[in-house]
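Undergrad: Quick one: this structure, given as structure tokens, is what I'll be asking you about.
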Amino acid sequence: MILVLNLGLKSMRAIVFDDCGRRLLTASRPVHTFLDGDRIEQDPAEWRRLTLEVLAEASATPAIRDALKAITVTTSACNLVCTAPDGSALGRAMLVSDTRASSEAAELAANPLFTSLAATSPNLRPEPSMTLPRLLWLRNHDPARWNQSRFFLSSNAWLIAQLTGITITDPLNAEKSGFLTASNS
């Protein structure tokens with residue numbers, strides 16, 4: 001059995017599938033979204049609490065708990081969580097639909113060095129929903145949080161760190177932050 005932990009825009013879900021891909025069980029909790037103009041945010045501390053609740057519900061049956069082989073975490077792309085050195089979130093996360101970094105995205109789009117680099121990377125786009133413009137927004141408009149942050153993580157990387165104590169990211173999210181490897185540059 002595999003458990004899929006999914007953070008969506010409206011809920012946190014734990015879905016258990018058997019080895020043939022049949023859904024056996026779903027546990028779900030609503031997630032509160034904060035809307036303020038171009039700012040669309042959620043509270044990572046709430047994600048953590050809801051994650052523990054849905055995991056406990058989904059694994060309450062010993063037959064399921066004992067048969068689980070893996071847990072995977074899926075979330076919307078380009079959500080941004082600033083983390084303190086202890087791994088806790090420094091405030092709310094910017095969601096993919098948050099567009100406050102519009103001017104930073106426009107500055108990147110007008111920069112010839114960035115546009116030539118972005119031409120080689122489909123995940124490095126000058127859009128306000130992307131990670132790099134959001135990082136620039138933080139540096140420009142929230143320097144206290146920028147300076148306090150140890151890591152800037154996607155929501156799935158933050159949840160994985162909360163569950164395992166290990167801070168990682170995947171190549172696609174790293175690329176959206178401007179980190180390019182030899183294989184994608």
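Undergrad: Using heavy-atom solvent-accessible surface (probe 1.4 Å) with all chains present, what is the largest-first order of S88, S116?
TA: Correct descending sequence by accessible area is S116, S88.
Undergrad: On full extension of the chain, what length is gained from R139 through I2, given 0.36 nm per residue of separation minus the C-alpha to C-alpha distance?
TA: 45.4 nm
Undergrad: Sort R49, R92 by heavy-atom solvent-accessible area, probe 1.4 angstrom, most to least.
TA: R49, R92
Undergrad: Compute for the stretch 33-82: radius of gyration divided by Kirkwood radius, i.e. Rg/Rh, restricted to C-alpha atoms, rounded to two decimals.
TA: 1.12
Undergrad: Just want to confirm a number: the relative contact order over the chain, from Cα pairs under 8 angstrom separated by 6+ residues, in percent.
TA: 21 percent
Undergrad: Let me ask something else about it. Given Cα pairs under 8 Å that are at least 6 residues apart, what percent is the relative contact order of the stretch 1-110?
TA: Relative CO of the stretch 1-110 lands at 29 percent.
Undergrad: Shifting gears a bit: Using the Kirkwood radius over Cα pairs, work out the Stokes-Einstein diffusion coefficient for the stretch 47-118 at 37 °C and 0.692 mPa s, in µm²/s as a whole number.
TA: 203 µm²/s
Undergrad: Still on this structure: Leaving out ligands and nucleic acids, and using a 1.4 Å probe, what accessible area per residue does the chain come to in Å²?
TA: 51 Å²
Undergrad: Carbon and sulfur together cover what percent of the accessible area of the chain at a 1.4 Å probe radius?
TA: 58 percent
Undergrad: How large is the Kirkwood hydrodynamic radius of the chain, in angstrom, based on all distinct alpha carbon pairs?
TA: It is 17.5 Å.
Undergrad: Computed FRET efficiency, Cβ-Cβ of S88 and C20, R0 45 Å: what is it to the nearest 0.05?
TA: 0.70
Undergrad: Could you put C78, C20 in order of accessible surface area, largest first, with the 1.4 Å probe and the full protein assembly present?
TA: C20, C78
Undergrad: Could you tell me the extents of the stretch 94-176's C-alpha atoms along the three principal axes, largest first, rounded to whole Å?
TA: That gives 40, 29, 22 Å along the principal axes, largest extent first.
Undergrad: Taking the full set of protein chains and a 1.4 angstrom probe, give the accessible area of I40 in square angstrom, rounded to the nearest 10.
TA: 30 Å²
The values are calculated or read from the model by the stated rules, or taken from the named source; none is laboratory data. Quantities reported herein were computed from a predicted structural model and do not represent experimental measurements. Every residue, glycine among them, receives a Cβ derived from its backbone with ideal geometry; neighbour counts consider all protein chains shown. The area values use the complete protein model at the heavy-atom level, side chains included, leaving out ligands, DNA and RNA. Shrake-Rupley method; radii C 1.70, N 1.55, O 1.52, S 1.80 Å.
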